[in-house]
Amino acid sequence: MLRRNVLGVLSIGLLLVFALNLLLIFYTKRIVQELILGDRQNKLHFAPSELNWTVMDRLSRLEANLQHLKQTMKLATKQSEDGICTLAMVKDEKLYPFPDRAHAKEGGFFKENPHKVLFPDSELFKKWGRDLSEAQQKEAEDLFQKFGYNVYLSDRLPLDRTLPDTRDSRCHWKQYPSQLPSLSVILIFMDEALTVIQRAITSIIQRTPPRLLKEIILVDDFSSHGELKADLDEKIKLYNQKCPGLLKIVRHTERRGLAAARNTGREAATADVVAILDAHIEVNVGWAEPILARIQEDRTVIISPVFDNILFDTFELIKYALAVDGFNWELWCRYDALPKAWVDLHDVTAPVRSPSIMGILAANRLFLEEIGSLDGGMLTYGGENVELSLRRPRQ
């Protein structure tokens with residue numbers, strides 16, 4: 001009985017320590033963020049450096065680790081009452097399919113792999129998969145060679161997985177009009193993994209207000225993978241059983257290229273605003289409202305949304321640093337420094353004017369049609385977005 005009471009007191013004390021550490025990290029992140037984006041003494045007005053964002057990323061990782069330890073201690077408090085060895089439970093815990101633990105080598109989460117490492121030089125296994133059997137390694141590597149990202153892990157992740165809210169804290173308090181334009185989301189794909197497409201669809205449905213989301217249009221640019229035929233059609237039927245008429249699919253009968261596929265989606269759309277995205281994205285909380293509000297203010301703007309990076313191996317979400325979309329003389333997109341006028345606003349929620357747009361975009365559907373949409377004659381990746389930004393009328 002005395003041992004159980006001591007364990008309970010110790011667990012509660014550790015929980016309090018973790019809670020204080022979380023508060024300290026949250027406060028530190030806020031201060032660092034303000035120093036990065038709001039420093040009035042910054043004379044160069046460059047985009048936040050990689051070092052600055054590395055600091056933010058490490059703070060976020062530390063916060064996530066503390067959250068994990070906090071949950072572990074809560075479980076320990078409960079299990080100590082039943083005489084269960086929590087330490088053994090944590091040591092033997094299955095690490096997959098959770099992406100936030102899939103790269104946790106430094107945190108000590110990896111078990112020693114009793115199996116032979118089949119692909120020591122593969123990029124897939126640098127941070128992930130150390131406890132897979134030889135058969136699992138072979139399956140994962142085959143899928144990686146086929147798709148270029150970790151489909152083995154994707155197939156084991158929840159379609160409605162929880163994502164960290166990477167927005168600036170000031171975005172949480174931003175107010176948008178109650179009446180906003182309707183939205184058509186267009187997802188372009190060619191031989192993507194089925195679960196990746198499903199996760200994109202699920203994130204859009206779950207994180208877009210139903211009153212705003214009119215439809216999701218899938219455009220298949222002549223995929224060859226069998227699962228993107230009957231299997232995908234069946235998934236669409238299931239989605240439409242829950243959300244009648246929400247999903248539509250348009251299939252090309254020949255490979256027409258990225259720009260033409262985006263135009264196909266725009267032509268099939270019926271909402272006020274079209275968001276033309278890749279099918280390997282996941283939208284986050286509050287993604288649609290700022291886009292729709294900006295286009296409602298000015299129907300001639302073309303929005304270049306910034307989606308956080310999903311790592312190809314662990315599927316961990318990494319926040320992209322804020323920057324301007326530019327291009328070089330070879331018409332390749334690049335990130336440029338933030339303009340002084342925007343920095344002087346000291347408001348990270350304000351839109352940033354860019355000379356170009358990235359591949360994904362959002363615009364008033366009729367305005368996009370008026371200016372000719374994308375150049376469907378560009379058959380390879382890149383260029384069509386720069387051409388569109390140059391053709392857009394300047395204010």
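Exactly one residue out of 304, 389, 373 is farther than 26 Å from residue 164 by Cα, in contact with a Ser or Thr (Cβ under 8 Å, 6 or more places away or on another chain) and buried (at least 18 other Cβ atoms within 10 Å of the Cβ), and it is 389. For the subset of the range 249-259 comprising residues that are surrounded by 15 or more Cβ atoms within 10 Å (Cβ to Cβ) and at pLDDT 95 or above, which member is farthest from residue 185 (Cα to Cα)? The extreme case among them is 252. Scan the range 262-299 residue by residue and report those that are farther than 17 Å from residue 177 by Cα and either acidic (Asp, Glu) or modelled with pLDDT under 95 (or both). Hits for the range 262-299 are 267, 278, 282.
Only one of these is on the phi < 0 side of the Ramachandran plot and assigned to a loop (DSSP other than H, G, I, E, B): 390, 345. Name it.
Details: 390 fails: assigned to a loop (DSSP other than H, G, I, E, B).
Exactly one residue qualifies, and that residue is 345.
Yes/no per residue for (1) outside the structural domain of residue 284 (by TED's automatic domain parsing); (2) touching a helix residue (DSSP H, G or I) at 6+ places or on another chain (Cβ under 6 Å); (3) closer than 20 Å to residue 388 by Cα:
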residue: 312; (1), (2), (3): no, no, no
residue: 325; (1), (2), (3): no, no, yes
residue: 331; (1), (2), (3): no, yes, yes
residue: 338; (1), (2), (3): no, no, no
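Of all residues in the range 258-280, none satisfies being closer than 24 Å to residue 163 by Cα, in contact (Cβ under 8 Å) with a residue 24 or more places away in the chain and out of contact with any strand residue (DSSP E or B) (no Cβ under 8 Å at 6 or more places or on another chain). For the range 172-211, the set of residues classified as touching a Lys or Arg at 6+ places or on another chain (Cβ under 7 Å) and closer than 21 Å to residue 226 by Cα consists of 188, 198, listed by residue number. When 323, 288, 293 are screened for being of a type in the set (Gly, Ala, Ser), under 20 Å from residue 168 (Cα atoms) and surrounded by fewer than 17 Cβ atoms within 10 Å (Cβ to Cβ), only 293 passes. Quick check on the range 235-248. Is at least one of its residues modelled with pLDDT of 95 or more, assigned to a strand (DSSP E or B) and more than 19 Å from the chain's Cα centre (by Cα)? Yes, the range 235-248 contains at least one residue that is modelled with pLDDT of 95 or more, assigned to a strand (DSSP E or B) and more than 19 Å from the chain's Cα centre (by Cα). The set of residues in the range 130-157 that are outside any helix (DSSP H, G or I) and free of Cβ contacts under 8 Å to residues at least 60 places away in the same chain comprises 130, 131, 132, 133, 155. Only one of the numbered conditions (1) among the hydroxyl-bearing types (Ser, Thr, Tyr); (2) assigned to a loop (DSSP other than H, G, I, E, B); (3) more than 29 Å from residue 149 (Cα to Cα); (4) touching a Phe, Trp or Tyr at 6+ places or on another chain (Cβ under 9 Å) is not met by residue 373, and that is (4).
Yes/no per residue for (1) part of a loop (DSSP other than H, G, I, E, B); (2) outside the structural domain of residue 140 (by TED's automatic domain parsing); (3) not aromatic (Phe, Trp, Tyr):
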position: 164; (1), (2), (3): yes, yes, yes
position: 176; (1), (2), (3): yes, yes, no
position: 180; (1), (2), (3): yes, yes, yes
position: 188; (1), (2), (3): no, yes, yes
position: 198; (1), (2), (3): no, yes, yes
position: 203; (1), (2), (3): no, yes, yes
position: 211; (1), (2), (3): yes, yes, yes
position: 224; (1), (2), (3): yes, yes, yes
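Restricting to the range 198-224, name every residue that is without any contact (Cβ under 8 Å) to a residue 40 or more places away in the chain, surrounded by fewer than 17 Cβ atoms within 10 Å (Cβ to Cβ) and not small (Gly, Ala, Ser). Passing the criteria: 210, 211, 222.
Among residues of the range 244-255 that are at positive phi, those with a beta-carbon under 8 Å from a residue that is part of a strand (DSSP E or B) at least six positions away or on a different chain give the pairs 245/215. Residues in the range 288-320 that are within 24 Å of residue 127 (Cβ to Cβ), part of a strand (DSSP E or B) and of a type in the set (Val, Ile, Thr) were compared, and the one that is farthest from the chain's Cα centre (by Cα) is 318.
The values are calculated or read from the model by the stated rules, or taken from the named source; none is laboratory data. Being a predicted model, the structure only gives us computed values, none of them experimental. Because the Cβ atoms are built from the backbone with ideal geometry, glycine has one as well, and the counts that use them run over all protein chains shown.
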